[in-house]
Every structure is written in C-alpha cells, then in structure tokens.
Amino acid sequence: MTTDLAAFAKEKGVKYFMISFTDLFGGQRAKLVPAQAIDEMQIEGAGFAGFATYLDMTPAHPDMLAVPDPSSVIQLPWKPEVAWVAADCVMEGEDVAQAPRNVLRRLIDEAAAEGLHVKTGVEAEFFLLTPDGEQISDPFDTAAKPCYDQQAVMRRYDVVREICDYMLELGWGPYQNDHEDANGQFEMNWEFDDVLRTADKHSFFKFMTKSVAEKHGFRATFMPKPVEGLTGNGCHAHISVWDAPGADAKTNVFAGDGDGPTGEVGLSEKGKHFLGGIMKHASALAAITNPTVNSYKRINAPRTMSGATWAPNTVTWTGNNRTHMVRVPGPGRFELRLADGAANPYLLQAVIIAAGLSGLRSKADPGPRHDIDMYAEGHTVTDAPKLPLNMLDALRAYDSDAGLKAAMGHEFSSAYLKMKHQEWNSFVSHFSRWEKEHTLDI
C-alpha cells in the first residue's frame, strides 16, 4: 500500500518534507516542502534545475521533477517536525536515465525478471573532526592501534549513542558500534536489506551522521582518506542474492556447496558466477566504488600508523581473510571491500548488480582463491591485476568495459564519464604546494 504523505504528516505531526535526490557525485539535494503542499508534490514532484547540481544538463533543460517515493519516508528523529523522503528524478514524463536512484531501480527490475533479489549491508566508516575539518576532534585519541579503543569510543559516546538510538527508533536493527582503526574514526552497523532500502538508508545515514555531529560541535566526514598516514574510510558491502524480496525471501541462492574453491567456502554456483562478474569487472568497478581523486590515496596507500591499510590494491578473493578485495566470511554471502566512503549509495548498489548479473549470464569464473596475507605476501601473486592507481586510470578502465557501461546504461555512463573527466581535469590543473617544494630549484 502506498503511503499517503499528507496523512503521514497529519498522523506524525510533520510540518515539512525534505524531498531529496542524490546527484552523480553523491551530493544530496533537497527542497523543503510544507506539509500543506505535499499532496500535489507526491504526484507531480518538486521542481529542480538539473544543471545546478552534478548532473549532465544545461540551463536550457526543462524542469527536472523529483517525485517522492513514499515508501522511503523517514521522520527526522532529531527534528520530528521534518520528514525526509527519497525521490526519483523525472523530466517531461520520463525517468532521468542518468539519475543514480533510477539506475539502481532499473537494475533491480532486471534482476527481479530473472528471479533474483539482491540484499546487501554496508559498513559506513567516518571520522569525527573539528568543525574546520583540519584535526581529529578528540585530542586524546592518539593510540598507535586505536581500533576498538574503549576510552576513545566513550569520549564520543554522546554522538554514537544518539545516532544508534535513532537507528533503533527507525527499526533498522543496529547491532554494533565501534572505534575504527584510525584515530578519530568510527563505524556503525545495521541489518542488511533489499538493495534499494539499503541505498536509501545509507544515504540517510550519511545525512543523519553529519547532522548529529554538527549538533555536538564536530564535523563528520566519509572522505576516503581525510588524514594522511591513517587508515581511510571504507564502505564494505556484504552481498547475497535471494529468491524473493523482503520478508518473502525463503532461499539464499548464494548458499550451497558448489564445486571448487568457491564451494569450499559455502558459495553456490550462482554465488560463484556473481562473484566472477565482480572480479571480471573490478578495475572498471573502481570508477564507481572509488569515485574521487582522494579515493586512490586509500586503495594504493603505504602502510598506515596502525600497521595495515585494510584496503585492497589487487583484484583477488579469499575466504575469511580481510587482506583481499573480496572476502567470503561464511556460506551464502561475500564482502566487497573495495568501495570507500565517497561511493554514491545508489551507484554502489547498482554497479554490484550490474557486474553480478554480467557474471551470472556469462558464467564467469572468479579465478583462484588466494588464502595468503596479501599485505605480507601480495608480491607473490603474479596472476591478478592491480587496481587502478588513480581516478583517471579507473575512468579509462570503465570506459573500455563496454559490457559494464551498457549494463549501467549508456546515458548514465556517458554523463558520468564526462563529468568525472571534468573533475579530473580540474584536479590536474590545480597548482599544488608539492610542485613548488620539489621543482622550484630544478
């Protein structure tokens, strides 16, 4: 049953709705709509100028309408007179093909047509910094190995507790919170769900975390590598595929005792081929899962202060071993450890489905399982490609992967590549202090 947003407002005491969409760069865009006007907006959508956001549009394009998906509505726990609702972008009666949530919805429908329903959970890591973003917010958080630091997590208890309380209130099923491997870094986990719901929750989680941090006088960042020398912000995705959506799911089609290295760790033949698609498209995948210049400071980082980056740099998979790009921690699912905190919540899920479906259709083999410590013995692996060294390499890999580009949609791929190349060109035209320090006297 479709939620009537006007009735929702009346029942919950909501005065305003934030009609929100996410652009190609992961920016969250919204209009604040009075509850008295939501009836029309639920049907027609709120009007935006696409050119004013990171979408490949011009000032001459007609209005882009963000039509709210009422199933996604969330009353802000910290400001209950406001409700957030994810929206689908429409222009002249047609879905905007480059809009990230639309890309994901189309791929969900493709998978469903084959009887497949992808469920995922994400591990969204973040730092709490000073408001100017220049320093870690806790001056006492200085341990060489700060992961799970009891005192440090309790010094930021008020922030962590408030966010976790809200997730409990929203019914997300949060189950653990911890101080992560970098000074000033935290991770909060909630239950896995169908991919669209996970993407909406992930988008809202970033908004909520930033809002609560600001309320407490801090700045939360999901930037991949905000502090030189420390572990970066990952966004690991745990992936399984089921026979039906939501509570109707009965069978995990990834679970099984298939043949060979994948069967030994509890993946069925379908799980094997879906993983094969991820491995096959990994270098191109990075353009989506690791979308910024800064992303490559994380996946190609030297050893951090704690002793490990916890990020991959080679296209390998393994069993329950955190030093590889993909980990199979137990039967029926696997963890993609490639993505970082800058990943667009909708495009991350979309590209997982696109690569996985490609693998299923072509019966892709994921290649050999490597059970070594990649940080200590990675140099012995000579049969696996390295991940891209920088954003330009990743964009080139994506551009040359015709199958993945087509799966994500030609209009989306064209727009994404165009705008990301513009971002790269802006970066390389920037005059840095490093250049002066190293070449002034050449």
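The values are calculated or read from the model by the stated rules, or taken from the named source; none is laboratory data. In this text the structure is predicted, and so the values were computed from the model without any measurement. FYI the Cβ positions are ideal-geometry reconstructions off the backbone, even for glycines, and counts take in every protein chain you see. Only protein heavy atoms, including side chains, enter the accessible area calculation; ligands, DNA and RNA are left aside. Shrake-Rupley method; radii C 1.70, N 1.55, O 1.52, S 1.80 Å.
Summary table below
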{"read-out": "Anchor LYS15: lysines whose Cα lies under 23 Å away (excluding residues fewer than 8 positions away in-chain)", "value": "LYS31, LYS79, LYS201, LYS206, LYS210, LYS215"}
{"read-out": "Under 5 Å, built H, 5+ apart or other chain: amide partners of TYR54", "value": "LEU24, PHE25"}
{"read-out": "Violating pairs (Cα-Cα greater than 19 angstrom) within the set LYS145/LYS225; LYS225/LYS418; LYS250/LYS280", "value": "LYS225/LYS418; LYS250/LYS280"}
{"read-out": "The stretch 1-85 - percent of accessible surface contributed by carbon and sulfur, probe 1.4 Å", "value": "54"}
{"read-out": "Whole-percent carbon and sulfur share, accessible surface of the stretch 143-293, 1.4 Å", "value": "50"}
{"read-out": "Note, ³J(HN,Hα) from phi for the stretch 54-59, Karplus 6.51, -1.76, 1.60, rounded to Hz, x at Gly and Pro", "value": "8, 10, 7, 9, 10, x"}
{"read-out": "Candidate aspartates and glutamates for bridging to LYS272, where Cα separation is under 15 Å - those fewer than 8 sequence places away on the same chain excluded", "value": "ASP257, ASP259, GLU264, GLU335, ASP365"}
{"read-out": "Built amide H within the under 5 Å cut-off of VAL253, gap 5+", "value": "VAL241, TRP242, ASP243"}
{"read-out": "Length gained when the stretch LEU389-HIS421 is fully extended (0.36 nm per residue, less Cα-Cα span)", "value": "10.0 nm"}
{"read-out": "Karplus 3J(HN,Hα) series, Hz, for the stretch 255-260 with 6.51 cos²θ - 1.76 cosθ + 1.60 (x for Gly, Pro)", "value": "7, x, 10, x, 7, x"}
{"read-out": "Other-chain or far-sequence residues with amide H under 5 Å of GLY319's (modelled H)", "value": "VAL328"}
{"read-out": "Probe 1.4 Å, accessible area per residue of the chain, Å²", "value": "44"}
{"read-out": "Kirkwood hydrodynamic radius (C-alpha pairs) into Stokes-Einstein, the chain, 20 °C and 1.002 mPa s, D in µm²/s", "value": "95"}
{"read-out": "Span from the the stretch 348-423 Cα centroid across to the the stretch 143-194 one, whole angstrom", "value": "30"}
{"read-out": "Karplus-derived HN-Hα couplings along the stretch 412-424 (A = 6.51, B = -1.76, C = 1.60, θ = phi - 60°), whole Hz, x at Gly and Pro", "value": "4, 4, 4, 5, 5, 4, 4, 6, 6, 5, 4, 5, 4"}
{"read-out": "FRET efficiency, 1/(1 + (r/R0)^6) with R0 22 Å, evaluated for THR142 and ARG433 via beta carbons", "value": "0.25"}
{"read-out": "Over the chain: helical MRE at 222 nm, DSSP H runs n ≥ 4 each giving -39500 (n - 2.57), nearest 500", "value": "-11000 deg cm²/dmol"}
{"read-out": "In nm, spacing of pseudo-spin labels at LEU440 and ASP109 (7 Å Cα→C-beta vector)", "value": "5.9"}
